[in-house]
């Protein structure tokens with residue numbers, strides 16, 4: 001049975017997930033390919049995209065580098 005979160009997922013995490021999925025699909029990348037670039041597993045990519053898991057700041061920076069965009073562009077919705 002899945003664990004229940006003690007606190008609701010912040011909207012910014014959900015929006016961030018949608019943004020990285022959009023960028024990944026624009027670049028015709030799989031979750032596995034993106035995970036390879038970021039040196040994280042595909043399951044973590046899935047959780048970020050679904051807004052289930054909140055990334056660390058260092059991970060957000062890795063996403064920006066992988067997509068070749070400025071860090072703040074990832075946080076503009």
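List of remarks:
- Listed by first and then second residue, the pairs with beta-carbon distance under 7 Å, at least 6 apart or on different chains, first residue in the range 1-21 and surrounded by 13 or more Cβ atoms within 10 Å (Cβ to Cβ), second assigned to a loop (DSSP other than H, G, I, E, B) and at pLDDT below 90, are 15/77; 19/77.
- Which numbered condition residue 28 misses (of (1) in a helix (DSSP H, G or I); (2) over 10 Å from the mean Cα position of the chain (by Cα)): (1)
- In the range 62-77, the residues that are in contact with a helix residue (DSSP H, G or I) (Cβ under 6 Å, 6 or more places away or on another chain) and either surrounded by 16 or more Cβ atoms within 10 Å (Cβ to Cβ) or in a helix (DSSP H, G or I) (or both): 62, 63, 64, 66, 67, 71, 74
- Scanning the range 48-60 for any residue that is over 27 Å from residue 6 (Cα atoms), surrounded by fewer than 16 Cβ atoms within 10 Å (Cβ to Cβ) and without any contact (Cβ under 8 Å) to a residue 60 or more places away in the chain turns up nothing.
For (1) at pLDDT 95 or above; (2) more than 10 Å from the chain's Cα centre (by Cα), each residue gets a yes or a no:
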position: 4; (1), (2): no, yes
position: 32; (1), (2): yes, yes
position: 46; (1), (2): yes, no
position: 57; (1), (2): no, yes
position: 63; (1), (2): yes, no
position: 77; (1), (2): no, yes
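The values are calculated or read from the model by the stated rules, or taken from the named source; none is laboratory data. As the structure is a prediction and not an experimental result, all values here were calculated from the model. Reconstructed Cβ throughout: ideal geometry from the backbone, glycine too, with neighbour counts over all protein chains shown.
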